[in-house]
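The values are calculated or read from the model by the stated rules, or taken from the named source; none is laboratory data. Just so it is clear, the structure is predicted and the values come from calculations on it, not from any experiment. Cβ sites come from the backbone with ideal geometry, for glycine too, and all protein chains shown count toward neighbours.
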Amino acid sequence: MIDKLRTAVIGAGHLGREHARVYASSENAKLIAVCDINEKAGREVAERHGAGFVSDYRELLQQVDAVSVATPTVNHHEVTCAFLEAGIHVLVEKPIARTLAEADEMIRIAEAKDLVLNVGHIERFNPAFRALQKKVARPRFFEAHRMGIFTPRSLDIDVVMDLMVHELDIIASLVGREVIKIEAVGIPILTQKIDLANARLEFADGCVANITASRVSGERLRKLRVFQPNEYYSLDYSEQQVAMCRLLPPKSPGMLPEIATGSLDVIKHEPLLAEIEEFLSEVRNGKASGVTGAEGRRALALALNVLGKIKEHAQRAGISLIIDNG
């Protein structure tokens with residue numbers, strides 16, 4: 001019988017609590033500890049799952065095989081590098097870091113020590129996305145909406161890094177081509193950072209993506225629409241469903257083509273559970289299955305470029321924005 005991997009979660013906030021829950025219930029892992037500078041929050045999560053608690057992540061550098069880093073983004077680089085230097089595999093929440101230089105160092109250390117560095121782009125593990133992924137061959141246009149009701153969570157970053165980065169990663173992974181042009185606008189509404197943003201991306205093959213992200217919406221919405229020759233798909237991340245329309249050729253000369261509608265077969269499951277189990281499997285077997293550090297860096301680079309375009313637009317419009325990412 002293979003021993004369970006010794007794991008820990010760094011950060012006991014919203015995401016950290018969920019990571020701890022999954023590790024504690026996994027047949028492939030043993031949750032050794034939960035770490036947070038907030039002792040009350042950290043102990044509560046640790047005790048719920050029968051794990052230890054530490055307030056300083058350095059205490060765990062010799063005690064675990066793999067960790068999830070679910071701290072505020074500003075701490076991703078420091079904490080991740082410390083564990084990688086100690087020979088410990090890391091799943092770090094998105095965005096991978098605040099800057100490309102930080103991401104590059106994290107990737108360099110992981111490669112030098114032959115360690116797994118995965119990034120928590122959880123929508124890649126949504127079963128509806130995986131069903132869609134098999135069908136997308138030559139996308140021409142994307143329309144994405146990621147809207148959330150305002151909460152005090154993740155206010156250390158703006159909506160581009162918090163929400164839009166999901167769609168930037170998803171769409172870039174489906175297109176597989178270089179982005180050659182970005183236009184973007186964004187405004188603060190309830191915070192001093194960008195709460196609502198729209199970006200238009202053009203890829204080298206002519207594909208275009210239009211992405212809207214808001215953390216001050218009156219409803220929750222996570223949808224992606226994909227158009228390619230003779231086909232249209234509508235992905236609902238929350239419902240884990242994919243609707244489709246397909247143009248069928250005329251049955252005989254002179255007749256009009258027909259449109260077939262339906263949905264893709266999706267076996268629903270929890271994306272975070274799939275993400276962590278694949279991380280553990282990669283640590284155990286060495287077969288890449290998660291979102292790599294390089295892919296996390298690509299999404300970060302796109303997000304930073306979007307923020308740069310938002311800043312340019314705001315300056316032209318005389319709007320004051322706080323953009324401290326990168």
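Condition check ((1) modelled with pLDDT under 95; (2) under 23 Å from Ile211 (Cβ atoms); (3) among the β-branched types (Val, Ile, Thr); (4) in contact with a strand residue (DSSP E or B) (Cβ under 8 Å, 6 or more places away or on another chain)) across all residues:
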{"residue": "Ala260", "(1), (2), (3), (4)": "yes, no, no, yes"}
{"residue": "Ser263", "(1), (2), (3), (4)": "no, no, no, yes"}
{"residue": "His269", "(1), (2), (3), (4)": "no, no, no, no"}
{"residue": "Ile276", "(1), (2), (3), (4)": "no, no, yes, yes"}
{"residue": "Phe279", "(1), (2), (3), (4)": "no, no, no, yes"}
{"residue": "Ala288", "(1), (2), (3), (4)": "yes, no, no, no"}
{"residue": "Val306", "(1), (2), (3), (4)": "no, yes, yes, yes"}
{"residue": "Ala317", "(1), (2), (3), (4)": "yes, yes, no, no"}
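Restricting Leu221, Leu235 to residues that are crowded, with 17+ Cβ neighbours inside 10 Å and in contact with a strand residue (DSSP E or B) (Cβ under 6 Å, 6 or more places away or on another chain) narrows the list to Leu235. Residues satisfying the criterion are absent from region 283-298 (criterion: in contact with a Gly (Cβ under 7 Å, 6 or more places away or on another chain), acidic (Asp, Glu), touching a residue at least 60 places away in the same chain (Cβ under 8 Å) and not assigned by TED's automatic domain parsing to the domain that holds Ala213). All conditions in (1) of a type in the set (A, V, I, L, M); (2) touching a strand residue (DSSP E or B) at 6+ places or on another chain (Cβ under 7 Å); (3) crowded, with 24+ Cβ neighbours inside 10 Å hold for Ala51, with the sole exception of (3). Given the criteria touching a residue at least 12 places away in the same chain (Cβ under 8 Å) and under 30 Å from Pro229 (Cα atoms), does Phe150 qualify? Spelling it out, it is not the case that Phe150 is touching a residue at least 12 places away in the same chain (Cβ under 8 Å) and under 30 Å from Pro229 (Cα atoms). The requirement of being surrounded by 12 or more Cβ atoms within 10 Å (Cβ to Cβ), of a type in the set (Val, Ile, Thr), in contact with a strand residue (DSSP E or B) (Cβ under 8 Å, 6 or more places away or on another chain) and assigned to a loop (DSSP other than H, G, I, E, B) is not satisfied by Val283.
On the stretch given as region 167-183, residues that are crowded, with 23+ Cβ neighbours inside 10 Å and in contact with a helix residue (DSSP H, G or I) (Cβ under 7 Å, 6 or more places away or on another chain) total 3.
When the residues of region 286-308 are filtered to those that are touching a helix residue (DSSP H, G or I) at 6+ places or on another chain (Cβ under 8 Å) and in a loop (DSSP other than H, G, I, E, B), the one that is nearest to Ile96 (Cα to Cα) is Val291. Taking Ser154, is it small (Gly, Ala, Ser), modelled with pLDDT under 95 and within 21 Å of Ala20 (Cβ to Cβ)? For Ser154, the condition - small (Gly, Ala, Ser), modelled with pLDDT under 95 and within 21 Å of Ala20 (Cβ to Cβ) - is met.
Where strands (runs of 3 or more DSSP E) fall entirely within region 164-253, none has at least 1 residues that are within 17 Å of Phe125 (Cα to Cα) and at pLDDT below 95. For region 254-266, the set of residues classified as loosely packed, with under 10 Cβ neighbours inside 10 Å and either part of a loop (DSSP other than H, G, I, E, B) or acidic (Asp, Glu) (or both) consists of Gly254, Met255, Leu256, Asp265, listed by residue number.
Of the residues making up region 5-14, those that are crowded, with 21+ Cβ neighbours inside 10 Å and either among the aromatic types (Phe, Trp, Tyr) or under 18 Å from the mean Cα position of the chain (by Cα) (or both) number 3.
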